[in-house]
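Worksheet for the structure shown next.
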Amino acid sequence: MKLSGSLPHYGFVLFLFLTTGALIASSARADPLPRPQGRVILTVTGKIGNTNADGSAMFDRAMLEALGVSELTTKTVWTEGPARFEGVLASKLLEAVAAAGEIADTRAINDYKVEIPVSDFQQYPVLLALKMNGAYMRVRDKGPIWVVYPWDQYPELNDEQTKQKAIWQLNEIHIR
């Protein structure tokens, strides 16, 4: 390619700029979500850029665990002494669905609803717990998913407002 004169050179520079920008933008997107193979335990809707069903992202337990399992040991007002939780960080879930909102409207199987600021998930290692003390949580034991805050590690979270956000039997998140 011969670069002669200033106009073709600017065109080439513009081409490089646009191509590089497109590559950067595409690498910032989350990997495509597979379809769930097992029972769906969590559905994410709203302002998300990565879906696997009509405008939503559905997850079975294996898909959530594939996002990376983290552990958290903390005391809660609902358990005796410290409990060890295992699950996926809420921030990893938001990254996987390419969430672009400021509020996570959460809903439990029993229709309990609570708004959680997305900033909570960005500022703290909030866990979408699947296991407690090594065992998967059943519905009657606050499962299949319990939003657990790191209360012992961050004393500022030990307030009634944060305790209200510790929704169990979580099955839906709507990002707005």
- prompt: Of these, V139, V97, which one is in contact with a Ser or Thr (Cβ under 9 Å, 6 or more places away or on another chain) and not basic (K, R)?
  reply: V97
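For every residue, the table says whether it meets (1) in contact with a Phe, Trp or Tyr (Cβ under 6 Å, 6 or more places away or on another chain); (2) within 18 Å of V40 (Cβ to Cβ); (3) surrounded by fewer than 21 Cβ atoms within 10 Å (Cβ to Cβ).
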{"position": "Q122", "(1), (2), (3)": "no, no, yes"}
{"position": "P125", "(1), (2), (3)": "no, no, yes"}
{"position": "L128", "(1), (2), (3)": "no, yes, no"}
{"position": "Y136", "(1), (2), (3)": "no, yes, yes"}
{"position": "K142", "(1), (2), (3)": "yes, no, no"}
{"position": "Q153", "(1), (2), (3)": "no, no, yes"}
- line: In the range 130-176, anything basic (K, R) and part of a strand (DSSP E or B) is listed as K131
- line: Across the range 27-82, the tally of residues that are small (G, A, S) and modelled with pLDDT of 95 or more stands at 9
query: Quick check: anything in the range 74-92 touching a residue at least 12 places away in the same chain (Cβ under 8 Å) and over 18 Å from W168 (Cα atoms)?
result: yes
- prompt: Give me the pairs: first residue in the range 109-136 and closer than 24 Å to A62 by Cα and free of Cβ contacts under 8 Å to residues at least 60 places away in the same chain, second residue of a type in the set (S, T, N, Q) and in a strand (DSSP E or B), beta-carbon distance under 8 Å, and six or more apart or on different chains, which are they?
  reply: P125/S70; L127/S70
Residue that is surrounded by the fewest Cβ atoms within 10 Å (Cβ to Cβ), among those in the range 46-64 that are on the phi < 0 side of the Ramachandran plot and touching a residue at least 60 places away in the same chain (Cβ under 8 Å): K47
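The values are calculated or read from the model by the stated rules, or taken from the named source; none is laboratory data. Keep in mind that what you see is a predicted model, and the values were worked out from it rather than measured. No Cβ is skipped: glycine too gets one built from the backbone with ideal geometry, and neighbour counts run over all protein chains shown.
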